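Visitor: The structure under discussion is supplied below as structure tokens; questions concerning it will follow.
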Amino acid sequence: MGMRTSHGYRVIGLISGTSIDGIDVAAADLRAEDGTVVLTPLGELDVPYPEPLREALLAALPPNPCSAGELTRLDTGVGQAFADAALRGAEELAGGRADFVASLGQTVFHWVEGGHVRGTLQLGQPAWIAERTGLPVCADLRARDVAAGGHGAPLASTLDRLWLRGLAEDTGRPVAALNLGGIANITVVAEGTPVIAYDTGPANALLDLAAHRVTGQRSDVGGRLALSGSVRADLLVRLSADPYFAAGPPKSTGKEHFTAGYLDAALAGLAPVEPGDLLATLTELTAVTVADQCRHHGVGTVIASGGGVRNPALMAALARTLPTAVWKTSDDLGLPGDGKEAYLTALLGWLTWCGVPGTVPSATGARGPRLLGALVPGAGPLILPAPLGGAVTRLRVAEKAG
């Protein structure tokens, strides 16, 4: 029996990435046409965290200690900030009419031991979102995959698999979606083989740390420092020796691995490294670790998204280290790259709402596909549609009418 066509839902997607610079908000209309999800982007917003909340979040990240009291305050603060962002999304992007909200929250810890993910913690209590908007909320989207033996990441594989399948078939070569957030992750979509997706290592995590240390700014704006320096081979060799890079997928990592201590350990005992050279070397580390993995999978086209796309030094290094690939951005394919993770969140929420599993086991390493998340009722009772039935196999990004 084929999948029935569903009437559409208007969804607000919310996420704050590992860079902790604010909340990405997207509004999308989503509907099913046979086995295809049609996603119409309605717009995206970037809502900065209030500075005291951002500083408190950064101070709570490993290796710093964090008390239960502090976690409670942060869970509440992030929940309230997400509630404000959801309300803005509904009013400014969705014309005041949304059906539900999907929230991936703020990851503060990804507990990895012996190569296995034991747990993951996202803050942003969804009750605040439901209370503020009156809409039902689908939240805590990673935990179920972890409970099923998966890494709870990278969930982008769900969107990428559906979205890039046609491109892989048309070009006859594997296509990689590359997200450049605090951490870099790739999804490799190839004809006739299961999707592979995993974190390759740092994207902006070490770059932002180093830039902050050197300039006091949050990041190396426009990659200026990196472009002024040259790669220090001795430092690059040390950084590249991290066992994470050599481990096979499925695997995931986080900012709790690529810390100031990690950088200090790599610099210890080396001749002093100039600021420009430090940034150039860290940029090269991201480029080399991403390019190695794309080369390994025979990738012909790379579709990049995330904050790193705005860093010309990083994009130039990537194109130079993987010259055989065609480089494009998510925007080139009609999906706004700045909001891609928020659109992903909206998609994951919609899949759960319609009774469709939201994970790709070959990517996360889970024992099987799972329905994700926890649903929090809005102002009224929770009324879910009849499950769609059948499998969703493709995603088409449609243009907004008008």
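Visitor: Filter the range 272-292 down to the residues that are outside any helix (DSSP H, G or I), hydrophobic (A, V, I, L, M, F, W, C) and free of Cβ contacts under 8 Å to residues at least 40 places away in the same chain and list them by number.
Guide: Residues satisfying the conditions do not exist here.
Visitor: When Ser103 is evaluated against the numbered criteria (1) part of a strand (DSSP E or B); (2) more than 30 Å from Gly35 (Cα to Cα), which criterion, by number, is the only one it fails?
Guide: Just one mismatch for Ser103, condition (2).
Visitor: Considering the range 83-115 alone, what residues qualify as being surrounded by fewer than 17 Cβ atoms within 10 Å (Cβ to Cβ), at pLDDT 95 or above and under 21 Å from Gly149 (Cα atoms)?
Guide: none
Visitor: To continue, here is another question. Please indicate, with yes or no, whether at least one residue in the range 126-137 is assigned to a strand (DSSP E or B), open to solvent by less than 30 Å² (accessible area, probe 1.4 Å) and touching a residue at least 24 places away in the same chain (Cβ under 8 Å).
Guide: yes
Visitor: Residues Thr329, Thr393, Thr345, Thr364: which one is free of Cβ contacts under 8 Å to residues at least 40 places away in the same chain, at negative phi and among the polar types (S, T, N, Q)?
Guide: Thr329
Visitor: Still on this structure, please answer the following. Pick from Asp242, Asp199, Asp208, Asp234: which is acidic (Asp, Glu) and more than 25 Å from the chain's Cα centre (by Cα)?
Guide: Criteria check complete, one pass: Asp234.
Visitor: While we're on this one: Only one residue in Arg173, Arg118 is open to solvent by 40 Å² or more (accessible area, probe 1.4 Å), part of a strand (DSSP E or B) and at pLDDT 95 or above, so which one is that?
Guide: From the options Arg173, Arg118, the qualifying one is Arg118.
Visitor: Looking at (1) open to solvent by less than 60 Å² (accessible area, probe 1.4 Å); (2) in contact (Cβ under 8 Å) with a residue 24 or more places away in the chain, which is the only condition Gln80 fails?
Guide: (1)
Visitor: Is it the case, given these coordinates, that Gly150 is under 19 Å from the mean Cα position of the chain (by Cα), free of Cβ contacts under 8 Å to residues at least 40 places away in the same chain, open to solvent by less than 20 Å² (accessible area, probe 1.4 Å) and over 16 Å from Ile23 (Cα atoms)?
Guide: No, not satisfied.
Visitor: Return a yes/no flag: does the range 212-220 have any residue that is in contact (Cβ under 8 Å) with a residue 24 or more places away in the chain, over 27 Å from Ile20 (Cα atoms) and of a type in the set (D, E, K, R).
Guide: Within the range 212-220, not a single residue is in contact (Cβ under 8 Å) with a residue 24 or more places away in the chain, over 27 Å from Ile20 (Cα atoms) and of a type in the set (D, E, K, R).
Visitor: Another question about this same structure. Within the range 200-227, how many residues turn out to be among the charged types (D, E, K, R), farther than 19 Å from Leu239 by Cβ and loosely packed, with under 15 Cβ neighbours inside 10 Å?
Guide: The qualifying residues number 1.
Visitor: Would you be able to say whether some residue in the range 251-263 is free of Cβ contacts under 8 Å to residues at least 12 places away in the same chain and open to solvent by 20 Å² or more (accessible area, probe 1.4 Å)?
Guide: No, that holds for no residue.
Visitor: For the range 183-249, give me every one of the helices (runs of 4 or more DSSP H) that falls completely inside it and has 1 or more residues that are more than 18 Å from Met315 (Cα to Cα) and among the charged types (D, E, K, R).
Guide: By residue number, 205-215, 233-240.
Residues checked against (1) surrounded by fewer than 20 Cβ atoms within 10 Å (Cβ to Cβ); (2) part of a loop (DSSP other than H, G, I, E, B):
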{"position": "Thr345", "(1), (2)": "no, no"}
{"position": "Gly349", "(1), (2)": "no, no"}
{"position": "Val356", "(1), (2)": "no, yes"}
{"position": "Thr359", "(1), (2)": "no, yes"}
{"position": "Ala363", "(1), (2)": "no, no"}
{"position": "Gly368", "(1), (2)": "yes, yes"}
{"position": "Ala386", "(1), (2)": "yes, yes"}
{"position": "Gly389", "(1), (2)": "yes, yes"}
{"position": "Val392", "(1), (2)": "no, yes"}
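Visitor: Okay, moving on. Could you look through the range 33-65, keep only residues that are in contact (Cβ under 8 Å) with a residue 40 or more places away in the chain and farther than 30 Å from Leu333 by Cβ, and pick out the one that is surrounded by the fewest Cβ atoms within 10 Å (Cβ to Cβ)?
Guide: Pro63
Visitor: A further question follows. For the range 293-339, give me each residue that is assigned to a strand (DSSP E or B), open to solvent by 10 Å² or more (accessible area, probe 1.4 Å) and either in contact with a Phe, Trp or Tyr (Cβ under 9 Å, 6 or more places away or on another chain) or of a type in the set (A, V, I, L, M) (or both).
Guide: Within the range 293-339, Thr301, Val326 meet the criteria.
Visitor: Which of the residues spanning the range 186-209 are without any contact (Cβ under 8 Å) to a residue 40 or more places away in the chain and not aliphatic (A, V, I, L, M)?
Guide: Glu191, Gly192, Thr193 - these are the residues of the range 186-209 that are without any contact (Cβ under 8 Å) to a residue 40 or more places away in the chain and not aliphatic (A, V, I, L, M).
The values are calculated or read from the model by the stated rules, or taken from the named source; none is laboratory data. Source: prediction; values computed, not measured. Every residue, glycine among them, receives a Cβ derived from its backbone with ideal geometry; neighbour counts consider all protein chains shown. Protein only, heavy atoms only, side chains kept; ligands, DNA and RNA dropped before computing areas. Shrake-Rupley method; radii C 1.70, N 1.55, O 1.52, S 1.80 Å.
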